[in-house]
Structures are given as C-alpha cells and as structure tokens.
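This report concerns only the one structure given below.
Any read-out appearing in this document is the output of simple, stated calculations on the displayed coordinates, not a laboratory observation. Source: prediction; values computed, not measured. No Cβ is skipped: glycine too gets one built from the backbone with ideal geometry, and neighbour counts run over all protein chains shown.
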Amino acid sequence: MELFVVLVTCLSFLIFLFLWNQRHAKGKLPPGPTPFPVVGNIFQINTKNVSKSISKLAEDYGPVFTLYFGMKPTVVLHGYEAVRQVLIDQSEEFSARGSLPAADNINQGLGIVFSNGEKWKQTRRFSLMVLRNMGMGKRTIEHRIQEEALCLVEALKKTNGSPCDPTFLLSYAPCNVICSIVFRNRFEYSDENFLTLAKYFDENAKIVSTPWIELYNAFPSLLHYLPGSHNTLFKNMTEQRKFILEKIKEHQESLDLNNPQDFIDYFLIKMEKEKHNKQSEFTMDNLITTIWDVLTAGIETTSLTLRYGLLLLLKHPEVTAKVQEEINHVVGRNRSPSMEDRSRMPYTDAVIHEIQRFIDLVPNNLPHAAAQDIKFREYLIPKGTTILTSLTSVLHDGKEFPNPEQFDPGHFLDKSGNFKKSDYFMAFSAGKHASFLSVHQW
C-alpha cells in the first residue's frame, strides 16, 4: 500500500511538472498534436518508422510543428523550404547539437558530432584541417582507396562465386581507409582486433536504429537502469574506446613532434602545445571521442551505402549493365578508376547519388538545437529547444524527384544524359554539421 502511494505521488508530481512546463514555457512554439502528460506524443508515433509518422503529421500541421518526446518539446521541420531555412539560411542560429542521451551517456559532450559551443568549433575546425591535410576529400587519398579496393576484390574472389554475406567485407574496406589516416596503417582482414572493431560498428548501427533506442532517448532516466539493448550499445562503445586508447598509447611512445604521420600524431602535438592551457579543448578524453566520431561517421555511412548499392544493382540488372558499359568505355579493364574519371561517367555518378537518395540512411538527421532564442517564421523558439529536420521529406520530394519511391538514376540526369545536381540532395544533412561527414564521401 505504501509503495502504491509513493508511485501515485511521483506520477502526480510528474504530471503537474509536465503541465506547468507546457503552460509556462518560454516562447511561442509551433502547433502540433496534443501530448499526453509525461509520455508526450510517443503513442502517436510509430517508433518503428518515425519518418512515416512525421510525414503524416505534416499533412495535418504543416511543415513546422511541435512534438513531445517525453516531457521535452521538439520542433519538427518537414519539406525542403523549412529544412533549408534551418540548416542553411539560419544555420548559425540552429548550430547547437540537440541531446541524444544514448550517445551522450558515453561521449559526455566531447568530440565533433555531439559537442556544442567552443568545444565543437575548435574540435571541428582542427579535425577538418587535419583530415584534409591527410588527403580526405582530395585526390591525394586515391592510392589508399585504390589499394583497399583491390584488397576487397581479392577477398571477394576467395568466395569462389559461392553465396556469401558481404556485410563485413564491405565494411572492412572503408574502415581500413579511415584507419590508415587515423592510426597510420591498415589492418589485414584476418586481424582479430580489426574484426572485433568492425563487429562493434555493425552491431551499434543495428541497435541505434531500433525502437528501443528511440524510447531510451525519450525516457533516459526511466530506462537507463533496466535491461535492454542500450546496455549492449554502451558496452560496445566502451570496448571501442579501449581499443582507441591503446592505439594512442602506442603513438605517444613513437611520437615525433616535428613529423606527424596521422590524425593521432597531429592531435597529440596540439595537446603538447596547449598543455599549460587549463581551458584547452584538446584533451585525452576529447581525442578518444573525436577518433570514435571520425571512425563512426566514415565507416558506417560508406559501408551501408556499399551494401545497399550492391543490393539495388542486383535488383536492377538494367542499371548494372549501363554502369558496366560506362566503366568499360571510360576506365577499361587494365587500370583502377580514379577521380578524374568521374566527369566522364555521368551515369555512374547519377547511380551513386540515386542510391544515397533512395536508401535515405539518415531519415531524420541528428538533432539540432536552437543556439539562442530565435524568431522563426511566426514562432519564437526558445534557446535549447531540440530541432528535428526530416531529410526524408527532402530526398523523397515528388516535385524534385518524380516517383520518389522508385529507384531511378534519371533523377540525377538531364535530357542529354549529363549529370544533374540537385539542391534537394541532402543525404547526410546540410550546412556546417554536414561538412564533417562530407569529407568522408569520396
């Protein structure tokens, strides 16, 4: 009986707090479906397909509306105009990173992806500079990609044409290219530590896309101590951080301050230069998390694109035949393709873009947040409010991409067969937060 009274009291207090927050919330938020006390709009959203639920709600509430995931409001942007306004036109005002408790539990606001303020600015600026110096996004990285592609082909040949699951093989290649920049060298596909690292990335990608993690992000305090897949996610991330720390220690022993060889060396030298600055953002914890961000952003986006791309080419043999014909004509069979070939391969370029548009890897983007009180259209959005941008609504816009649910490389070709750019192509967000991911898109 006493336990029942305690539970009722706690629940009543939460309902009171929720209603008080709604009534006294600063600003004028966009309209949206009426939330339930404590749980918000969670019962009005299909957690297995949040993107579809958002599209249906946009039909009733327009391109800008408010949802409550738990007790906190989230402003949702749907459609190209609204998404562009936030990510590009008013990018500074919406430059803060929204909270994602499943990631924050381990990363603690460090690194590039989930940091904010000065920490984000300094870490992002430094990391982009180093990655570009190391060749990311430039032709200087071509030889690493070409060599790794040959290793991947050799590994596939060993299957002797028998049925196989290419999931891990297709993650090894991008993982090794990133590792060669971060850790200085690649790994053999049989290396046990490398295989374990790849397994953790694959497992994490599956876990974060589950409804359970959606619920955890909405109710972290309630679910944190319960059994669930979030515990596996945290365990994997902890093990990955241990692996990264071991590599950093190896670099500390061989570090040449005048001759940095990879990302870790550059960061360690920066730490040494700022060792007397107590306010420095360049710490060991930030290095570990930044490396984890670089690996995760580079490996998962590329390996998943390769995997889905292979599946789509198998399902559309007529597209595969045209790509092969263009490769034979431009590249031939006696050399590896290079970046210079891209301008002469419009159909293949269109196919790659269409794969990324069609599979819609990041349907609702990572959450942003208002960096200050913002006047947005006829609304006043308070500082710190979480912002969710529906990239699905942009990538599947029927006016820009006729029959958007169909896989059609023609979406990126003009009438003459030349490659056609589209402002609606936001496969991995847009604006400053997207620039970090873009250096990984070779």
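Points worth noting:
- Kyte-Doolittle at least -0.5, axis length at least 27 Å by Cα - qualifying DSSP helices, the chain: 2-24, 284-315
- Placing pseudo-labels 7 Å out from each Cα toward the beta carbon at Arg377 and Met284 gives an inter-label distance of 4.9 nm.
- Only the Cβ atoms of Lys and Arg (+1) and of Asp and Glu (-1) were treated as charged; on that basis the dipole of the chain about its Cα centre amounts to roughly 640 debye.
- Cα-projected label distance for Ser416 with Asp104, points at 7 Å along beta-carbon direction, nm: 5.2
- Sorted from longest to shortest, the spans of the Cα atoms of the chain along the three principal axes equal 75, 58, 43 Å.
- Label separation (Lys275 vs Tyr225): 4.2 nm, computed from points 7 Å beyond Cα along the C-beta direction.
- Shape class of the stretch 188-279 from the Cα gyration tensor (axes a ≥ b ≥ c, square roots of the eigenvalues): oblate, since a/c reaches 1.5 or more and a/b does not exceed b/c.
- Structure-based [θ]222 nm, the chain - -39500 (n - 2.57) summed over DSSP H runs of at least 4, per residue, nearest 500: -17000 deg cm²/dmol
- Computed Kirkwood radius, in angstrom, where 1/r is averaged over Cα pairs of the stretch 57-215: 19.5
- Here the peptides 244-253, 415-424, 28-37 are ranked by packing, the mean other Cβ count within 10 Å, and the order with the highest first is 28-37, 244-253, 415-424.
- Considering only the chain, percent of DSSP beta bridges that pair antiparallel, nearest 5: 75
- Between Thr159 and Ser190, the contour length at 0.36 nm per residue exceeds the alpha carbon distance by 9.7 nm.
- Selection of GluC sites (Glu not before Pro), the stretch 325-421, meeting DSSP coil and at most 16 other Cβ within 10 Å: Glu378, Glu400, Glu405
- Among Leu77, Thr167, Ile112 the positive-end extreme of the charge dipole of the stretch 75-189 (Cβ point charges): Ile112
- Total charge dipole magnitude, the stretch 112-315, about the Cα centre, Cβ charges on Lys, Arg, Asp, Glu only, Debye to nearest 20: 500
- Once the C-beta distance of Trp212 and Glu239 is scaled by a Förster radius of 22 Å, the resulting FRET efficiency is 0.65 to the nearest 0.05.
- In a simple Cβ point-charge model (Lys, Arg +1; Asp, Glu -1; nothing else charged), the stretch 192-270 has a dipole of about 300 debye relative to its Cα centre.
- Cα convex hull volume per residue for the stretch 112-315 (Å³): 159
- Formal net charge of residues neighbouring Glu246 (Cβ-Cβ distance under 13 Å; K, R +1; D, E -1): +1
- Here the peptides 216-223, 295-302, 173-180 are ranked by packing, the mean other Cβ count within 10 Å, and the order with the highest first is 173-180, 295-302, 216-223.
- Sorted largest first, extent of the stretch 288-388 alpha carbons per principal axis (Å): 58, 38, 27
- Sorted peptide list for 383-396, 257-270, criterion being average Cβ within 10 angstrom, highest first: 383-396, 257-270
- Positive-end residue, the chain charge dipole about Cα centroid, Cβ charges, pick of Leu388, Leu295, Ala369: Ala369
- Between Thr232 and Phe36, the FRET efficiency estimated from the beta carbon spacing at R0 = 35 angstrom works out to 0.75.
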